[in-house]
Amino acid sequence: MLTVASLNERWGLFSLLVFIASIVVLACWFITNLSGEQEYRHMIRVSVRCSLPLLILAFTASALNRLWPCEASAWLLRNRKYLGLAFSAVMLWQILFIVLLISTGASLFPPGPAAMFIVSDLIGYTLLLSMTVTSFEMFRNRMSPVAWKRLHRTGIYYIWVIYLYSFPIGIYFSRDNHMEVAGYGFLFFITLAAGILRLLAWGKDSKITFNKWADNIVKATD
Ligand code: HEM
């Protein structure tokens, strides 16, 4: 049962995060006074930005725990699955606004690179759906642990890359608006920093593995 005390773990946490993000989306929807193409585009941007913190937390949970093992990072790692599922749930808002945008007859992306963005984004959703479904034991058990890990690792990196390249594109298209550029710059920095954290954790692991390997060689030759 969902109680106030259970809101900081597992499904309680999932519900709380989806609730907060949805309130933000709904409040922006209310303020935006949805009526046409530009407003739907704005709401698409709002919904992917509301999902971003959830992706960043799920993406960096393991790295943070390896770099700084403590109660907070252990909590993040323990709840990583629910952060990821909350990310998927909040992304449903984007689908709704994409459908509304399509209903206006507007093209989704600028004519030149449109096909490339649509294919790339659809691959993102395919991976997201596969990761969501296989987060449940019933489906997870049908895959080998190696295949499961490969799917989830590829998927999360792929979605992270979509964010990483979308923000510089946003900077390019809003280059005349300094506030927008600063906002995009900040989002890009946060997204990039998440990747750097993973790189640092990987570097730490590799160093430990290398040191162990070197110790074994020294012991063997003693
Ligand atoms: C996992 C899948 C996806 C991710 C992570 C993702 C992420 C993003 C991001 C980061 C932005 C830029 C937000 C901003 O400017 O602040 C964006 C915008 C957008 N996305 Fe997606 N997206 C995904 C799937 C899709 C799909 C499948 C479509 C449609 C085929 C789509 C259509 C759009 C549109 C129309 C925009 C707004 C462009 C504009 O500003 O005019 N996205 N998405």
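The values are calculated or read from the model by the stated rules, or taken from the named source; none is laboratory data. Bear in mind that the values here come from a model prediction, so they are computed numbers and not experimental data. When we count neighbours, we look across all protein chains shown, and the Cβ atoms used for this are built from the backbone with ideal geometry, even at glycine.
Can you name the number of the only condition in (1) surrounded by fewer than 11 Cβ atoms within 10 Å (Cβ to Cβ); (2) part of a helix (DSSP H, G or I) that residue 125 fails?
(1)
Any idea how many residues of the range 7-51 are polar (S, T, N, Q) and loosely packed, with under 14 Cβ neighbours inside 10 Å?
Just the residues of the range 7-51 that are polar (S, T, N, Q), to begin with: 8, 15, 22, 32-33, 35, 38, 47, 51.
Filter once more, so that each one left must be loosely packed, with under 14 Cβ neighbours inside 10 Å: 8, 33, 35, 38.
Looking only at that region, the number is 4.
What residue, of 92, 83, 76, is of a type in the set (A, V, I, L, M) and touching a Phe, Trp or Tyr at 6+ places or on another chain (Cβ under 9 Å)? Show your work before the answer.
Values: 92 fails: touching a Phe, Trp or Tyr at 6+ places or on another chain (Cβ under 9 Å); 76 fails: touching a Phe, Trp or Tyr at 6+ places or on another chain (Cβ under 9 Å).
It is 83.
Which condition breaks for residue 192 when tested against (1) modelled with pLDDT of 95 or more; (2) in a helix (DSSP H, G or I); (3) in contact with a Lys or Arg (Cβ under 9 Å, 6 or more places away or on another chain)?
(3)
What about residue 47, is it more than 20 Å from residue 193 (Cβ to Cβ), within 12 Å of the ligand (Cβ to nearest atom) and free of Cβ contacts under 8 Å to residues at least 60 places away in the same chain? So that I can check it myself, show each step before the final result.
On the way: more than 20 Å from residue 193 (Cβ to Cβ): yes; within 12 Å of the ligand (Cβ to nearest atom): yes; free of Cβ contacts under 8 Å to residues at least 60 places away in the same chain: yes.
Yes.
Taking the condition part of a helix (DSSP H, G or I), free of Cβ contacts under 8 Å to residues at least 24 places away in the same chain and under 26 Å from residue 195 (Cβ atoms), does residue 20 pass?
yes
Just give me the residues in the range 134-172 being hydrophobic (A, V, I, L, M, F, W, C), surrounded by 13 or more Cβ atoms within 10 Å (Cβ to Cβ) and not in a loop (DSSP other than H, G, I, E, B), in sequence order. Steps first, answer last, please.
Applying the first criterion (hydrophobic (A, V, I, L, M, F, W, C)) to the range 134-172 yields 136, 138-139, 143, 146-148, 151, 156, 159-162, 164, 167, 169, 171.
Filter once more, so that each one left must be surrounded by 13 or more Cβ atoms within 10 Å (Cβ to Cβ): 139, 143, 148, 151, 156, 159-162, 164, 167, 169, 171.
Residues satisfying the conditions are 139, 148, 151, 156, 159, 160, 161, 162, 164, 167, 169, 171.
Quick one: which residue in 175, 153 is basic (Lys, Arg), under 27 Å from residue 35 (Cα atoms) and within 16 Å of the ligand (Cβ to nearest atom)?
Details: 153 fails: under 27 Å from residue 35 (Cα atoms).
Only one candidate qualifies: 175.
Is at least one residue of the range 96-106 assigned to a helix (DSSP H, G or I) and under 28 Å from residue 201 (Cα atoms)? If you could, list the steps in order and put the result at the bottom.
Filtering the range 96-106 down to residues assigned to a helix (DSSP H, G or I) leaves 96-103.
Still in the running and under 28 Å from residue 201 (Cα atoms): none.
The answer is no, given that none of the residues of the range 96-106 is assigned to a helix (DSSP H, G or I) and under 28 Å from residue 201 (Cα atoms).
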